[in-house]
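A short reminder: the numbers here are calculations on the coordinates, not readings from a lab. Since we're looking at a predicted model, the values are computed, not measured. Heads up, the Cβs are rebuilt from the backbone with ideal geometry, glycines too, and the neighbour counts pull from every protein chain shown.
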Amino acid sequence: MLTEDGISPLTYPGLSDARVKLDSDEHDEEGKITEDLGLRVRMVDKRLKKFAMLARDFMPPTFYGDRNAASVIVCWGSNKLIVKEALEKIIKDGQSASALHFAQVYPLTAAMVAPYGLEAKRLICVENNARGQFAGLLKRELGLNVAHPVLKYNGECFTVLELYCELKKLLT
């Protein structure tokens, strides 16, 4: 359905008695497959409106620690509390550091990070993947360089102790 804000009313199987139609091709407002190129353009344009809305109404990241610290530990998703607890231990040890947790990882906007002066900070990015995907987004979308990726991709979460030890090495 073409809507003013780009968001269609949505349901999914099991939510209601509504019939849900799915396909990987373009669809019209009734969910029927179409090869109408004009409609394809209008539907893509509609979906692109969502990015503008998400960029305007972004979820700000959560900041922890010392705003004047030279290093910022950046994380996203389920690492939030693990990073927070490891940071608390580091600060308790007398080390100056901070952390920034992103609940929204895309789109990234300059306004999301403007209050933190990340351009002038040493960034350490904690991620549960092998390629530093969020660090790549930070570079591509905001021009931010991650100095040290901390990656774990064996299928397990970081433990607070293992992350604390790794971050201590990087921060001293």
Computed [θ] at 222 nm, helices only, for the chain once each DSSP H run of length n ≥ 4 contributes -39500 (n - 2.57): -10500 deg cm²/dmol
Most fluctuating residue given options VAL20, VAL160, VAL126, as computed from a GNM of the chain linking Cα atoms under 10 Å: VAL20
Added length on full extension, which subtracts the Cα-Cα distance from 0.36 nm per residue, ALA111 to ASP57: 18.4 nm
Which label in [x] 1.39; [y] 1.33; [z] 1.11 gives the computed Cα Rg over 2.2 N^0.38 Å: [y]
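Please label the shape of segment 1-57 as rounded, prolate or oblate, based on the square roots a ≥ b ≥ c of the eigenvalues of the alpha-carbon gyration tensor (a/c under 1.5 means rounded; beyond that, a/b larger than b/c means prolate, else oblate). Intermediate values should be presented prior to the final figure.
Values: a/c = 2.50, a/b = 1.17, b/c = 2.13.
It comes out oblate by the Cα gyration axes.
Expressed in nm to one decimal, what extension gain is obtained for the pair ARG19 and ALA120 from 0.36 nm per residue of sequence separation less their Cα-Cα distance? Kindly include the intermediate steps, with their values, before the conclusion.
On the way: separation 101, 0.36 × 101 = 36.36 nm, distance 5.25 nm.
Additional length available on full extension: 31.1 nm.
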Label zone at ASN145, where the point sits 7 Å out along the Cα-to-Cβ direction: segment 65-89 residues whose backbone N lies under 16 Å: 71-72
For segment 165-172, Karplus couplings with θ = phi - 60° (6.51, -1.76, 1.60), whole Hz, Gly/Pro x: 5, 5, 5, 4, 4, 6, 8, 9
Sites matching GluC sites (Glu not before Pro) across segment 126-172 that sit in DSSP coil, with at most 14 neighbouring C-beta atoms within 10 Å: GLU156
Derived scalar couplings ³J(HN,Hα) [segment 66-75; Karplus, 6.51 cos²θ - 1.76 cosθ + 1.60; whole Hz; x for Gly, Pro]: 8, 4, 8, 4, 6, 10, 10, 8, 9, 8
C-alpha center-to-center spacing [segment 112-129, segment 137-172] in angstrom: 11 Å
Pairwise label distance in nanometres, TYR12 with LYS89, each label 7 Å out on the Cα-Cβ vector: 3.5 nm
Inter-label distance for ALA103 and ALA130, nm, one decimal - labels placed 7 Å from Cα along Cα-to-Cβ: 3.2 nm
Folded to 0 to 90 degrees: helix 133-142 orientation relative to the chain principal axis, Cα: 80 degrees
